[in-house]
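Here is the structure we will look at, set down as structure tokens.
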Ligand SMILES: [Zn+2]
């Protein structure tokens with residue numbers, strides 16, 4: 001276990017409070033659900049929101065410091081139910097320094113219908129590529145590290161959506177993970193509007209050129 005730097009802990013807690021507040025203000029997370037975490041500069045410890053604390057109620061006093069071996073620094077709060085998947089993602093991916101997990105409604109609606117959110121905007125094609133859908137556990141329970149870790153073993157995966165549950169955005173910084181949580185929800189909303197309008201107009205495909213995958217788009221740009 002490396003030594004913890006109190007200044008770093010304070011700065012990371014403040015950053016987490018900012019991110020949590022932003023999720024709440026944008027309607028990505030109400031009540032006390034969801035959770036978010038950020039890696040400390042010591043690299044083998046994180047700051048994470050505990051269980052039962054709302055995104056709008058995060059303070060320096062209730063956020064927890066947890067080592068990647070699972071040891072929790074003294075805290076009167078209960079650890080998040082999702083602590084293990086956060087710890088696992090930090091353990092398997094050194095490029096992940098922050099995780100934002102919200103129960104945002106448009107994205108969770110898509111996943112609960114068994115639909116993967118399509119990366120249909122230029123931004124999602126270029127920045128995300130794919131947002132895998134992770135079903136409930138085999139016994140019908142909520143997704144845990146058992147279902148989530150294998151998906152993130154692919155180093156290209158930055159976002160995923162959990163059926164009947166919520167979204168996960170990861171990033172090299174908290175701001176980037178936060179933006180991903182926002183982009184996932186925004187994309188689900190756009191996809192819903194597109195699909196609803198296409199159905200209302202009896203269309204099965206838009207009468208427009210398709211943007212394609214990020215790789216194809218790049219190849220097309222280079223060829224032109
Ligand atoms: Zn959750």
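Computed from the coordinates by the stated procedures, all read-outs in this text should not be read as laboratory data. All figures in this text were calculated on a predicted structure; none of them were measured in a lab. Cβ atoms come from the backbone with ideal geometry, glycine included; neighbour counts cover every protein chain shown.
On inspection, residue 58 qualifies as farther than 13 Å from residue 101 by Cα, within 16 Å of the ligand (Cβ to nearest atom) and in contact (Cβ under 8 Å) with a residue 40 or more places away in the chain.
Within the stretch 76-97, restricting attention to residues that are within 15 Å of the chain's Cα centre (by Cα), surrounded by 14 or more Cβ atoms within 10 Å (Cβ to Cβ) and away from the ligand (no atom under 16 Å from the Cβ), the residue that is farthest from residue 153 (Cα to Cα) is 97. Quick check: is even one residue across the stretch 113-130 within 16 Å of the ligand (Cβ to nearest atom) and touching a residue at least 12 places away in the same chain (Cβ under 8 Å)? No, the conditions are met nowhere in the stretch 113-130.
Being in a strand (DSSP E or B) and surrounded by fewer than 16 Cβ atoms within 10 Å (Cβ to Cβ), is that true of even one residue in the stretch 14-31? Quick ask: steps written out before the conclusion?
As a first pass, look at the stretch 14-31 and keep what is in a strand (DSSP E or B): none.
Checked against the condition, which is being in a strand (DSSP E or B) and surrounded by fewer than 16 Cβ atoms within 10 Å (Cβ to Cβ), the stretch 14-31 yields no hits at all.
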